[in-house]
Amino acid sequence: MMKNTIKKVTEGHLQELLDQIKQKPLPRHVAIIMDGNGRWARSRNLPRVEGHRAGITSVREVVEGSAELGIDYLTLFAFSTENWKRPESEISVLMSLLKRYIDKELPTLIEKNINFSAIGRMENLHESVRKKLNQAKEKTAHCTGLHFIVALNYSGRAELVDAVKKILLSAKQIPVDIDSVTEGFLQQHLYTSSIPDPDLLIRTSGEYRISNFMLWQLAYSEIWITELFWPDFNKRCLYEAILVYQKRERRYGGLSEKI
Ligand code: IPE
Ligand code: IPE
Ligand code: MG
């Protein structure tokens, strides 16, 4: 009885947040630096990998929450090019969790019309991981709802290096006119060429840095940082972040509309 009452109160509150969100435009692209799994585990005297395991629930929450809200793009930073510095055993658990997540969630992604893709240096990932990512991409290629992007073996600097390489390679075939090198031209060579820049960047675990994430794309993103560790992040936190975002005034270097 008590449990039911508590559930109803929570649901009621969530609905209120949803109603508020619906009154203003949504961020088109939400990007999240999922951080604090290790500290979440340590605070419970558990091995770090248990934090990664628990973090899967939060992934499910934000993916489904974003799809339900009608957000167009959600990017989750899952593994950076710098994360290879970690013990092999931890990396192996992270990769296994990703594969298991895809196996388990693929039917739900399809059912909810969610289009899955990955960005990063795919060539350095284990073949079994690449296969799973490709399988999820192919099986959701027809989905037209939320674009769910996982950044894996990703770093913003590596992405810029790869863009320059792509440009130099194609310049070998057709010379590039120097005047055609614009911001738009560079953008077309990024992993995110078909994705709008994030409107809202969320980082968990109270770290005030971007850790080499989307260096180009975050130029004018609104940033929201929560002290919560990633495994404690849920739909409500996503809603709260969006509500804060909706109150921000984005000036892009111009002047306030109020002036
Ligand atoms: C985020 O949690 C997951 C990845 C970076 C892969 P961490 O593993 O970084 O957790 P903390 O920051 O050490 O607590
Ligand atoms: C950022 O978290 C990378 C991911 C969330 C995948 P890290 O834990 O690697 O970042 P730092 O080391 O605290 O900057
Ligand atoms: Mg961390």
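The values are calculated or read from the model by the stated rules, or taken from the named source; none is laboratory data. Computed from a prediction, not measured in an experiment: that's the story for all the values here. Every residue, glycine as well, gets a Cβ built from its backbone with ideal geometry; the counts of neighbours run over all protein chains shown. These accessible areas exclude ligands, DNA and RNA; they are computed on the full protein's heavy atoms, side chains included. Shrake-Rupley method; radii C 1.70, N 1.55, O 1.52, S 1.80 Å.
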Just the residues that are away from ligand 3 (no atom under 13 Å from the Cβ), within 18 Å of G206 (Cα to Cα) and within 21 Å of the chain's Cα centre (by Cα), please, taken from the stretch 35-53. none
Under 8 Å by Cβ, and 6 or more places apart or on different chains, what pairs join a residue from the stretch 80-95 that is without any contact (Cβ under 8 Å) to a residue 60 or more places away in the chain with one that is open to solvent by 30 Å² or more (accessible area, probe 1.4 Å) and outside any helix (DSSP H, G or I)? L94/A78; M95/H126
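Having 3 or more residues that are open to solvent by 30 Å² or more (accessible area, probe 1.4 Å) is the bar; report the strands (runs of 3 or more DSSP E) wholly within the stretch 145-259 that clear it.
By residue number, 222-225.
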What tally of residues in the stretch 25-46 results from selecting those that are near ligand 1 (Cβ under 8 Å from one of its atoms), part of a loop (DSSP other than H, G, I, E, B) and of a type outside the set (D, E)? 2
Going by what's in this entry, would E90 be described as open to solvent by less than 20 Å² (accessible area, probe 1.4 Å) and either over 19 Å from Y154 (Cα atoms) or among the acidic types (D, E) (or both)? yes
Which pairs have Cβ atoms under 6 Å, sit 6 or more apart or on different chains, and link a residue in the stretch 27-41 that is open to solvent by less than 10 Å² (accessible area, probe 1.4 Å) to one that is away from ligand 3 (no atom under 13 Å from the Cβ) and assigned to a helix (DSSP H, G or I)? P27/Y245; A41/E50
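Tell me, which residue of the stretch 42-67 that is polar (S, T, N, Q) and within 16 Å of ligand 2 (Cβ to nearest atom) is surrounded by the fewest Cβ atoms within 10 Å (Cβ to Cβ)?
S43
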Of all residues in the stretch 47-95, which are closer than 22 Å to M214 by Cβ, basic (K, R) and in a helix (DSSP H, G or I)? K85
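Do you know which residues across the stretch 101-134 are surrounded by fewer than 15 Cβ atoms within 10 Å (Cβ to Cβ) and on the phi < 0 side of the Ramachandran plot?
Of the stretch 101-134, the ones surrounded by fewer than 15 Cβ atoms within 10 Å (Cβ to Cβ) are 103-104, 107-108, 111, 113, 123-124, 126-128, 131, 134.
Correct list: D103, K104, P107, T108, E111, E123, N124, H126, E127, S128, K131, N134.
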Has the stretch 81-96 got at least one residue that is of a type in the set (V, I, T), within 15 Å of ligand 1 (Cβ to nearest atom) and out of contact with any Lys or Arg (no Cβ under 9 Å at 6 or more places or on another chain)? yes
Only unsatisfied item for P196, checking (1) within 16 Å of ligand 2 (Cβ to nearest atom); (2) touching a strand residue (DSSP E or B) at 6+ places or on another chain (Cβ under 8 Å), is (1)
Given the criterion under 15 Å from the mean Cα position of the chain (by Cα) and modelled with pLDDT of 95 or more, identify the matching residue among S58, S96. S58
Going through (1) crowded, with 16+ Cβ neighbours inside 10 Å; (2) under 17 Å from the mean Cα position of the chain (by Cα) one by one, G70 fails only at (1)
Among (1) out of contact with any Cys (no Cβ under 7 Å at 6 or more places or on another chain); (2) away from ligand 2 (no atom under 16 Å from the Cβ); (3) open to solvent by 30 Å² or more (accessible area, probe 1.4 Å); (4) β-branched (V, I, T) - the single one T81 does not satisfy: (2)
